[in-house]
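One structure is given below, encoded as structure tokens.
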Amino acid sequence: MKVVIEPKYRPIAGKQDDFHKARKTVWARLISAGTGAGKTYAGMYEAWRWTATYAGSIGLIFEPTYGMITRILYPTFKDFFGYPIESHPLIKKFSKMENHVTWKNGSEWWLLGLDDPEKTEGQNADWAWLDEFRLVGGSGQVAQRKQKLAWDTIIRRLRGSSHGRSQDYPNGLWITTTPDAPGSVLHDHFEHPTKKVESSQIFRWSIDDNPELSDNFRLEKAG
């Protein structure tokens, strides 16, 4: 019997929903929103849709550090799907040592930290999701250098997997992060009038737009 697992996720109309609808027309998408706005859930849904739609595709999922893969990505996956990553019915194999996921339809995820961006060099991929990219490298000039190196390295890998190219699969990049400042890598690539990526779009909303948040969380953030 065919197993179909759809996450219990309903995108916010005019917010997350617009971000998802731009999938086929915009190559690089940036969600710039505060903590609790639902941006990581939106990023996870994109990863799921690409995985399910393009069988055999290869995707890269990045967190600022390897430790955040365990602290953020694994719990988000469980909340999102209702299964731990190691027991999802549509996952064929999960290697925690390599942070590698093989889905039953042949698609693959590589879960990577950006502690040392140069080490992210590797095989070509069809899509990439950068979660909380603003936090890569900490802060200051060191962070800016690491973020630029990370960006350039990741872009080089988005040339399509061999299977993806044979099937004429599209490429895609999306970033989910808290707001960044002018002069940063993200600002240059998404907002600078002469440096920004040609096919790119920013999506913004506030935590008040997320109907899933508890009133207590809203009060804590307001305080």
Q) Do you know which residues across the range 102-118 are in contact with a helix residue (DSSP H, G or I) (Cβ under 9 Å, 6 or more places away or on another chain) and of a type in the set (D, E, K, R)? A) GLU108, ASP115, ASP116, GLU118
Q: Determine which member of the set THR40, THR76 is touching a strand residue (DSSP E or B) at 6+ places or on another chain (Cβ under 6 Å) and either at pLDDT below 95 or of a type in the set (Ser, Thr, Tyr) (or both).
A: THR40
Q: May I ask you to say which residue of ALA47, ALA52 is under 29 Å from HIS187 (Cβ atoms) and of a type outside the set (Phe, Trp, Tyr)?
A: ALA47
Q: Determine whether GLY172 is within 23 Å of TYR45 (Cβ to Cβ) and touching a Ser or Thr at 6+ places or on another chain (Cβ under 6 Å).
A: no
Q) (1) modelled with pLDDT of 90 or more; (2) open to solvent by less than 40 Å² (accessible area, probe 1.4 Å); (3) of a type in the set (Phe, Trp, Tyr): which one isn't true of TRP205, the others all being true? A) (1)
Q: Sort out which residues of the range 110-146 are within 18 Å of SER32 (Cα to Cα) and of a type in the set (Lys, Arg), and write them in order of number.
A: ARG134
Q.
If I filter the range 98-143 down to residues being part of a strand (DSSP E or B), open to solvent by less than 50 Å² (accessible area, probe 1.4 Å) and of a type in the set (Phe, Trp, Tyr), which single residue comes out as farthest from ASP180 (Cα to Cα)?
A. TRP103
Q) Is it the case that GLU108 is among the acidic types (Asp, Glu), within 26 Å of PHE19 (Cα to Cα) and modelled with pLDDT of 95 or more? A) yes
(Q) Give me the strands (runs of 3 or more DSSP E) completely within the range 1-97, filtered to those with at least 3 residues that are in contact with a Lys or Arg (Cβ under 6 Å, 6 or more places away or on another chain) and crowded, with 20+ Cβ neighbours inside 10 Å, ordered by residue number. (A) 28-33
Q: Scan the range 51-82 for residues that are touching a residue at least 40 places away in the same chain (Cβ under 8 Å) and farther than 23 Å from GLN123 by Cβ and report the count.
A: 5
Q: Answer yes or no as to whether TRP151 is of a type in the set (Phe, Trp, Tyr), surrounded by 14 or more Cβ atoms within 10 Å (Cβ to Cβ) and not in a helix (DSSP H, G or I).
A: no
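The values are calculated or read from the model by the stated rules, or taken from the named source; none is laboratory data. Because the structure is predicted, anything quoted here is derived from the model rather than measured. Methodologically, a virtual Cβ is constructed for each residue, glycine included, from the backbone with ideal geometry; neighbour enumeration extends over all protein chains shown. With ligands, DNA and RNA removed, areas are computed over all heavy atoms of the protein, side chains included. Shrake-Rupley method; radii C 1.70, N 1.55, O 1.52, S 1.80 Å.
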